[in-house]
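Peer 1: Can you read through this structure? Questions will come right after.
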Amino acid sequence: MGNSPKITTRTGAKAWDTIWRWTWFTKEQWQGEFRRQKEGTRRALASLLPKLGVRSILDCSCGLGWKTILLAEMGYDVEGCDGCGFAVRRASQLAREEGLDIRFFRSRWETLGRTCRRKYDCVYNDAFAWITTRRALSASAGGICAALKRGGKFIFQGAHQWSRDDDRERMIQQSLELEGRFEALPLHQKDGIRLTTIVTREKTADGILGNRIHVVDDHGAVRIEIASVLDACIWTWEDYTETLGRAGFRRLYSVKEKGVGPRPYILNVAEK
């Protein structure tokens, strides 16, 4: 019998580095589709942003730049940042390939006040609800506030003004049912490498633990790289109100916008 493949499991920032590297490897599969996949987000923001009167926007959870590109195509003065250096470099490349000149930079949320170089009318973050500790939530809120102009808006998702503390279990279950417990992504082959990706999701007390299992056949040598990420669902509306208030935001409210499908797209808006 042959040797068993080497298995590596990564969490936290290293997990995202793994996810973005292999997502970029499969770029031919999604480059023509990412606008359609993000259409719900685009529609909701296209409805909300004109009401807020913003022009300059920082997408501070940009990943490979999909949302940043959509915002630029909507006519906004937009920049993107992410904690993963690989994602930031590839986001810049993708934007150029799509005919756009967008500045991307690497930064953690808590350090935005030192790294962003400018102040924005709006900061958008679609992963703020995934923060797992109160200390990190507070530090991230402070960094985001520091990147905004006076009167600037912070847009994010998570618990909203119509939610209750006891909604958490229902929200976790709904998210799991929507995304599914298992998902097999299409096989991708390039440059002598065959990639098979299987996604598993399981409910935890704090949210959904997702495992992306990358089975890599590199010219006959097989290894398995697992990226494990917790999509947390632990914060309440009261948590957001208290934390953002201490960070310097003076008002927090929720809005319902139309995305794709019958359910409203709920976004939270914090005003500095």
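Peer 1: For region 84-113, name all the residues that are more than 17 Å from the chain's Cα centre (by Cα), of a type outside the set (K, R) and either farther than 16 Å from W20 by Cα or in the same structural domain as W24 (by TED's automatic domain parsing) (or both).
Peer 2: Once the filter is applied, which keeps residues that are more than 17 Å from the chain's Cα centre (by Cα), of a type outside the set (K, R) and either farther than 16 Å from W20 by Cα or in the same structural domain as W24 (by TED's automatic domain parsing) (or both), region 84-113 yields E97, E98, G99, L100, D101, I102, T111, G113.
Here is a yes/no grid of residues against (1) of a type in the set (V, I, T); (2) farther than 30 Å from G220 by Cα; (3) without any contact (Cβ under 8 Å) to a residue 60 or more places away in the chain; (4) not in a loop (DSSP other than H, G, I, E, B):
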| residue | (1), (2), (3), (4) |
| --- | --- |
| G142 | no, yes, no, yes |
| K153 | no, yes, no, yes |
| Q161 | no, yes, no, no |
| M171 | no, yes, no, yes |
| S175 | no, yes, yes, yes |
| P186 | no, no, no, no |
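Peer 1: Just to be sure before I move on: is E177 out of contact with any strand residue (DSSP E or B) (no Cβ under 7 Å at 6 or more places or on another chain) and farther than 30 Å from F105 by Cβ in the structure I sent?
Peer 2: On the way: out of contact with any strand residue (DSSP E or B) (no Cβ under 7 Å at 6 or more places or on another chain): yes; farther than 30 Å from F105 by Cβ: yes.
In short, yes.
Peer 1: Of everything in region 99-111, what is surrounded by fewer than 19 Cβ atoms within 10 Å (Cβ to Cβ) and of a type in the set (G, A, S)? Give them in sequence order.
Peer 2: The answer is G99, and nothing else.
Peer 1: Please enumerate the residues belonging to region 227-258 that are under 19 Å from V54 (Cβ atoms), assigned to a loop (DSSP other than H, G, I, E, B) and of a type outside the set (A, V, I, L, M, F, W, C).
Peer 2: G248, R250
Peer 1: Something else about it: Going by the conditions given, is D218 out of contact with any Phe, Trp or Tyr (no Cβ under 8 Å at 6 or more places or on another chain), surrounded by fewer than 17 Cβ atoms within 10 Å (Cβ to Cβ), assigned by TED's automatic domain parsing to the domain that holds A13 and without any contact (Cβ under 8 Å) to a residue 24 or more places away in the chain? Before you say what the answer is, go through the steps one by one.
Peer 2: Values: out of contact with any Phe, Trp or Tyr (no Cβ under 8 Å at 6 or more places or on another chain): yes; surrounded by fewer than 17 Cβ atoms within 10 Å (Cβ to Cβ): yes; assigned by TED's automatic domain parsing to the domain that holds A13: yes; without any contact (Cβ under 8 Å) to a residue 24 or more places away in the chain: no.
Answer is no for this residue.
Peer 1: Out of (1) among the polar types (S, T, N, Q); (2) at pLDDT below 95; (3) touching an Asp or Glu at 6+ places or on another chain (Cβ under 8 Å), the odd one out for Q174 is which?
Peer 2: Going through (1) among the polar types (S, T, N, Q); (2) at pLDDT below 95; (3) touching an Asp or Glu at 6+ places or on another chain (Cβ under 8 Å) one by one, Q174 breaks only (3).
Peer 1: Right, another one. Output yes when any residue across region 163-177 is closer than 24 Å to D82 by Cβ and either in the same structural domain as I266 (by TED's automatic domain parsing) or among the small types (G, A, S) (or both), and no when none is. Talk me through it step by step, then tell me what you get.
Peer 2: In the first step, residues of region 163-177 are kept if they are closer than 24 Å to D82 by Cβ; the result is 175.
Pick out the ones that are also either in the same structural domain as I266 (by TED's automatic domain parsing) or among the small types (G, A, S) (or both) and you get 175.
Checked against the condition, which is being closer than 24 Å to D82 by Cβ and either in the same structural domain as I266 (by TED's automatic domain parsing) or among the small types (G, A, S) (or both), region 163-177 yields at least one hit.
Yes or no, residue by residue, for (1) closer than 17 Å to I144 by Cβ; (2) modelled with pLDDT of 95 or more; (3) in contact with a Gly (Cβ under 6 Å, 6 or more places away or on another chain):
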position	(1), (2), (3)
V215	no, yes, no
V222	no, yes, no
L244	yes, yes, no
Y253	yes, yes, no
G259	no, no, yes
L267	yes, yes, no
E271	yes, yes, no
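Peer 1: Search region 221-272 for residues being over 20 Å from the mean Cα position of the chain (by Cα) and closer than 30 Å to T196 by Cα, and hand back the single one that is surrounded by the most Cβ atoms within 10 Å (Cβ to Cβ).
Peer 2: Checked region 221-272; the qualifying residue surrounded by the most Cβ atoms within 10 Å (Cβ to Cβ) is E225.
The values are calculated or read from the model by the stated rules, or taken from the named source; none is laboratory data. Please read these numbers as outputs of a predicted model, since none were measured by experiment. Methodologically, a virtual Cβ is constructed for each residue, glycine included, from the backbone with ideal geometry; neighbour enumeration extends over all protein chains shown.
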